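Participant: Take this structure, written in structure tokens, and hold onto it; I'll ask about it next.
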Amino acid sequence: MNSQSGFLIGIGSNIEPHDNLVAIIDQLLEYFSKITLSRVLLLPPIGMNSQYDFLNVVVFIETAMAEEELKEICNAIETSQGRDRTDPTRKTKDRPADLDILSPAQFPKDGERASHTITDEYFLYPLLDEIAAYVSGKHISVEQEGVALMNVNLAFGQTATTIHRQTDTRNKRII
């Protein structure tokens, strides 16, 4: 198996999450020709007072890009989806887009890495375990079914998958 280096990103939305999560993934594909996603989970808000559930996904992006440059892309996507990054209470408010770089990662080396060494956001642990297994070519059984998301050119969410952008036509397809 070839070594793959890049970053793990936790992504969530609880304002129009079905539409916003599809838009976030679509925007990531404008910057990267290939992204690997865990399944998408519907989860209650944690650490905030809200009546709106989140859709969460963990993404692995294989890239040699510097973390600071990736952070700028993530911030730009959040802003384009309507998140006010200047609001001092933004971490405890409902949000259309939340992209957090969790950790640099190298697979297959990090395939067995414990999720708690990547983030303290325990609700992401099943998604981190799933994506690590998927990228490393291993099978993992999952307890919670993923949420299916789709737009005209893109469908994902029920299981871990890799999406490639076709650069000639700008269409996306799942492999």
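The values are calculated or read from the model by the stated rules, or taken from the named source; none is laboratory data. Note that this is a predicted model, so its numbers are computed, not measured. Cβ: placed from backbone, ideal geometry, glycine included. Neighbour counts: every protein chain shown.
Participant: Would you mind finding the one in Ser5, Ser13 that is farther than 24 Å from Phe107 by Cβ and touching a strand residue (DSSP E or B) at 6+ places or on another chain (Cβ under 7 Å)?
Facilitator: Going through Ser5, Ser13 in turn, just one is farther than 24 Å from Phe107 by Cβ and touching a strand residue (DSSP E or B) at 6+ places or on another chain (Cβ under 7 Å): Ser13.
Participant: While we're on this one: Given (1) in contact (Cβ under 8 Å) with a residue 24 or more places away in the chain; (2) aliphatic (A, V, I, L, M); (3) part of a helix (DSSP H, G or I); (4) more than 24 Å from Pro45 (Cβ to Cβ), identify the lone condition not met by Ile77.
Facilitator: (4)
Participant: Filter region 76-104 down to the residues that are over 16 Å from the mean Cα position of the chain (by Cα) and of a type in the set (Asp, Glu) and list them by number.
Facilitator: Scanning region 76-104 gives Asp84, Asp87, Asp94.
Participant: In region 118-142, which residue that is in a helix (DSSP H, G or I) and β-branched (Val, Ile, Thr) is modelled with the highest pLDDT?
Facilitator: Filtering region 118-142 for residues that are in a helix (DSSP H, G or I) and β-branched (Val, Ile, Thr), the one modelled with the highest pLDDT comes out as Ile131.
Participant: So which residues in region 143-175 are among the polar types (S, T, N, Q), touching a strand residue (DSSP E or B) at 6+ places or on another chain (Cβ under 6 Å) and at pLDDT below 80?
Facilitator: Asn153
Participant: Give the number of residues within region 1-42 that are farther than 23 Å from Ala76 by Cα, buried (at least 17 other Cβ atoms within 10 Å of the Cβ) and not polar (S, T, N, Q).
Facilitator: 2
Participant: Since Asn2 meets every condition but one in (1) outside any loop (DSSP other than H, G, I, E, B); (2) more than 24 Å from Lys91 (Cα to Cα); (3) of a type outside the set (Lys, Arg), which condition does it not meet?
Facilitator: (1)
Participant: Here is a follow-up. Which one is farthest from Ile9 (Cα to Cα) among residues in region 106-146 that are out of contact with any Leu (no Cβ under 9 Å at 6 or more places or on another chain) and among the polar types (S, T, N, Q)?
Facilitator: For region 106-146, the residue satisfying everything is Ser141.
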